[in-house]
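So the structure is just underneath, and the comments pick up after that.
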Amino acid sequence: MRKGLLFATAAMSAALLTTATACSSSGTGSDSAGGKKPKIGVILPDSKSSVRWETADRPYLAAAFKAAGMDYDIQNAEGDKQAFQTIADQMITNGVNVLVIVNLDSGTGKAVLDKAKAQGVATIDYDRLTLGGSAQYYVSFDNTQVGKLQGQGLAKCLGDMGAKNPVVAELNGSPTDNNATLFANGYNGVLDPMYASGQYTKGPNQSVPDWDNAQAQTIFEQMYTSRPDIAGVLAANDGLANAAIAVLRKNHRNGQVPITGQDATVQGLQSILAGDQCMTVYKAVKKEADAAAALAVDLAHGKKGQSNSTVHDPTGNRDVPSALLTPQAVFKDNIQDVVTDGYVTKAQLCTGDYEALCTKAGIK
């Protein structure tokens, strides 16, 4: 998988972030030259696995579509596979000519994509590749690289602590999410040689269904009961990291066990400031949303989409034209990068007890 950065058009990049929290949103643009109004539909997966879908992806996508003068409909399936398919049917019936989806699993995603294709609707997999699906394009980050950064980050944090042969637990993402597989490929590529050499000891290793944070806490509680000597945790995102932190806090070990994360959420960044989490991975969602929007707008107007890479779908045995962006590792000393980028604000991050921690970390 090749890394790359797709630069969105100037109009897309200038789009302003607007807050939106409802389960659906829409906008109206001008008619196309042919008299038929192009329309883009977007289906987001949920608001439980990660807050980013509602706090970042929705408003960024909406802003980009508005800047392009597009008619659009953004809805959230809220983790319901039947609702996901119903939303897709309604969007197709209501005349979208481009459908952008973040699948809940590849089976559901494939059914939706295949139906759209049969109706002549252009399709884009956003953030998650639908295995065996028929999406014409895929827009995401280099997810193997995300996992690699997590593995390297955990190794750095363990090294900084002077850990000797630490027991490392792995709290993986959903087994039905291909991204979780790619993340694991990345971090296991870093950790497996260390397990093999005896530098680290491989501890409990389990996936979390649907990225559910409540289940993650139960799973990690069981992990910790079986191995109370856990000295490092590879958690696949910030929500899972927070679940592990809650268990460690109950056992008075938070801050003593390095934990990774992903998504650079406010909660994750605050945990890093507090010393309970060692790092996260920042994915500039605005760039991802702008890239997807630019691609969708081109397809809506009958133009060929732009891609900078391909990603192999092993189930469908095809190479999917892709726009892949580059992730960034975030530790306490570069949290400012996320604030400077506008992904989170100082006001969101530096509240209450975190105000002093922000000052100490030089957050401006």
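What to note about this one:
- Each peptide in 67-74, 304-311, 147-154 was scored by the mean count of other Cβ atoms within 10 Å over its residues; highest first, the order is 147-154, 67-74, 304-311.
- Relative contact order (%) - criterion: Cα under 8 Å, at least six apart; region: the stretch 201-315: 18
- Mean Cα-pair separation over length for the chain, i.e. relative contact order, pairs under 8 Å, 6 or more apart, %: 20
- Cβ charges +1 (Lys, Arg) and -1 (Asp, Glu), total dipole of the stretch 175-260, debye: 340
- Distance violations [Cα-Cα > 26 Å] among K81/K117; K148/K304; K110/K304; K48/K287; K48/K364: K148/K304; K48/K364
- Placing unit charges on the Cβ atoms only, positive for Lys and Arg and negative for Asp and Glu, gives the stretch 97-181 a dipole magnitude near 60 debye about its Cα centre.
- Options S207, T351, I219, ranked by Cα towards positive dipole end of the chain, top entry (Cβ charges): T351
- Shape analysis of the chain places it in the prolate category; the axes a ≥ b ≥ c from the Cα gyration tensor give an a/c of at least 1.5, with a/b above b/c.
- Selected from S134, W53, Q145, residue furthest toward positive end of dipole (the chain; charges at beta carbon): Q145
- Protein accessible area in the stretch 134-274, 1.4 Å probe - carbon and sulfur %: 49
- Cβ-derived FRET efficiency at R0 56 Å, H312 paired with H252, nearest 0.05: 0.75
- Burial order of peptide ranges 174-181, 277-284, 115-122 (average beta-carbon count within 10 Å, highest first): 277-284, 174-181, 115-122
- With respect to the chain, whose longest principal axis is taken over its alpha-carbon atoms, helix 285-300 is tilted by about 20°.
- Across the stretch 158-231, C-alpha contacts under 8 Å between residues 6 or more apart give a mean separation that, scaled by the residue count, equals a relative contact order of 44 percent.
- Per residue value of the accessible surface for the stretch 231-273 (all protein chains in place, 1.4 Å probe), Å²: 24
- R227 versus N185: modelled label distance in nm, points set 7 Å from Cα along the beta carbon direction: 2.4
- Near the amide H of I74, within less than 5 Å, lie the amide hydrogens of S25, S26, V42, all on another chain or at least 5 residues away, with H placed in the peptide plane.
- If you take all other residues with their beta carbon under 12 Å from the beta carbon of A63, and give Lys and Arg +1 and Asp and Glu -1, the sum is +1.
- Relative to the longest principal axis of the Cα atoms of the chain, the long axis of helix 81-93 lies at roughly 20 degrees.
- Angle between the chain longest axis and helix 143-160 axis [Cα atoms, degrees, rounded to 10]: 20
- Residue-wise HN-Hα coupling along the stretch 44-49, computed from phi with Karplus coefficients 6.51, -1.76, 1.60 (Hz; x: Gly, Pro): 8, x, 5, 10, 9, 5
- The calculated Kirkwood hydrodynamic radius for the stretch 172-312 is 16.8 Å, given to one decimal from all distinct C-alpha pairs.
- A protection proxy built from the mean count of other Cβ atoms within 10 Å ranks the segments 52-58, 95-101, most packed first, as 95-101, 52-58.
- FRET efficiency, D192 to D341 (Cβ-Cβ, R0 30 Å, nearest 0.05): 0.40
- Cα-centre dipole for the stretch 44-105 with unit charges at Cβ (Lys and Arg positive, Asp and Glu negative), debye to 20: 180
- Phi to ³J(HN,Hα) by Karplus 6.51 cos²θ - 1.76 cosθ + 1.60 over the stretch 343-353, Hz, x for Gly, Pro: 5, 10, 9, 4, 5, 5, 7, 9, 9, x, 4
- Rounded percent of accessible protein surface that carbon and sulfur make up, the stretch 35-132, 1.4 Å probe: 48
- Residues whose placed amide H lies under 5 Å from that of T310, excluding near-sequence neighbours: R2, S322
The values are calculated or read from the model by the stated rules, or taken from the named source; none is laboratory data. What you see is a predicted model; the values in this text were computed from it and never measured. Cβ atoms come from the backbone with ideal geometry, glycine included; neighbour counts cover every protein chain shown. The accessibility values were calculated without ligands, DNA or RNA, using every heavy atom of the protein model including side chains. Shrake-Rupley method; radii C 1.70, N 1.55, O 1.52, S 1.80 Å.
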